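Have a look at the structure below, then the notes.
None of the figures in this text is laboratory data; all of them are computed from the coordinates on show. Here the structure is a predicted model, which is why all the values come from computation and not from measurement. Here Cβ is always computed from backbone atoms with ideal geometry, including for glycine, and neighbour counts include all displayed protein chains.
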Amino acid sequence: MDADKKLESAAIAILTRAVSLDKANRYTESLVCYQEGITLLMDNWKGLPAGRKKDAMKEKIEEYMTRAEQIKKVISEKKESGTYHEEIVIENDSKGHSYESVMGRFLGSDVESVRIEDPYIRLHHQFCNLIQFCELVVKKCKNLKMIYVLTGKDSDKCQEQDVWFKTLKKDLNDNYSIKMEYEFSSTLHDRQIVLSNGWQIKIGRGLDYFKAPDVKHGLGAFDTDFRHCKETKVDIFHQKDTKKS
């Protein structure tokens with residue numbers, strides 16, 4: 001398969017997923033796929049000779065661009081009215097659900113603070129999950145100033161847990177000029193991540209929805225897109241007053 005055919009096939013695959021996500025009302029994911037697919041298809045279109053195929057492809061590109069603009073409008077209107085809701089079901093043993101895949105599109109320069117509420121950041125692997133999420137947030141949110149964590153206390157290893165948090169807090173402050181505050185609650189149950197740009201992400205299992213890697217020294221040890229997941233549901237909302245919290 002030549003380069004043009006590969007480019008066209010890649011564009012079609014991404015746009016097919018965009019349409020599927022669109023039909024499922026997963027608009028933010030769909031928009032990302034439309035934008036990526038349109039870019040690839042346009043690159044392919046530029047290399048085609050004049051003729052019917054080029055004209056037909058231009059027509060399809062315009063259709064996808066129109067739909068992408070419509071989705072932007074839908075998202076904007078729902079955000080403005082406070083009615084935006086998107087649901088993602090992560091199936092048991094499925095892969096491809098890293099924090100970046102699930103939440104990366106909501107993280108950008110408009111995020112100045114992040115609030116993480118998760119009662120189970122107690123065990124070592126759960127704290128490693130928190131570190132991975134913080135790495136993603138710091139990398140993508142260039143104007144980040146504050147990370148706030150509310151979690152439960154591990155009654156058996158409370159001193160060790162406190163050391164982990166103090167170490168992360170110091171690292172964020174000393175090396176990235178980002179403040180971190182954390183509190184322990186004995187009554188916390190709900191799990192949610194609240195971003196200062198208005199996005200609110202509720203994950204049924206919190207950050208701890210990955211299964212252990214299949215092998216210790218194999219794929220998935222670091223990149224969680226390769227990890228099998230536990231079944232859970234992700235609900236995404238947008239609340240205008242979140243910006244003030």
Next item on the list: Enumerate the amide H contacts of PHE210 below 5 Å, restricted to partners 5 or more residues apart or on another chain; note that Pro and chain-start residues carry no placed amide H.
Entry: LYS230
Next item on the list: Past 29 Å, Cα to Cα, is the threshold; run LYS140/LYS169; LYS6/LYS60; LYS145/LYS211; LYS5/LYS233; LYS53/LYS140 against it and keep the listed order.
Entry: LYS145/LYS211; LYS5/LYS233; LYS53/LYS140
Note to self: Using the Cα centre of the chain as origin and beta-carbon charges of +1 (Lys, Arg) and -1 (Asp, Glu), tell me which of MET65, CYS158, GLN239 is placed farthest towards the positive end of the dipole.
What the structure shows: MET65
Checklist line | Most positive-pole-ward Cα, LEU31, SER9, TRP45, against dipole of the range 1-47 from beta carbon charges | finding: LEU31
Check: How do ILE147, ILE75 rank when sorted from fewest to most other Cβ atoms within 10 Å of their own Cβ?
Finding: ILE75, ILE147
Notebook entry, point to check: Relative to the longest principal Cα axis of the chain, at what angle does helix 158-176 sit, 0 to 90 degrees, rounded to 10?
Noted result: 50 degrees
Margin query: Charges on Cβ only, +1 for Lys and Arg, -1 for Asp and Glu, centred on the Cα centroid of the range 86-244; of VAL102, MET146, PHE226, which one is farthest towards the dipole's positive end?
Written below: MET146
Check: Ranked by Cβ crowding within 10 angstrom, fewest neighbours first, how are SER155, SER196 ordered?
Finding: SER155, SER196
Note to self: If you fit an axis through the alpha-carbon atoms of helix 27-46 and take the longest principal axis of the Cα set of the chain, what angle between them do you get, 0 to 90°, nearest 10?
What the structure shows: 40 degrees
Check: In debye, nearest 20: dipole of the chain around its Cα centre with unit charges on the Cβ of K, R (+) and D, E (-)?
Finding: 360 debye
Check: Each residue of the range 70-84 in turn: what ³J(HN,Hα) in whole Hz from Karplus with 6.51, -1.76, 1.60 and θ = phi - 60°, glycine and Pro shown as x?
Finding: 5, 5, 4, 5, 4, 4, 4, 5, 5, 5, 5, 8, x, 10, 5
Item checked: Hz values of 3J(HN,Hα) by residue in the range 127-132 - Karplus curve (6.51, -1.76, 1.60), Gly and Pro given as x -> 5, 4, 4, 4, 4, 4
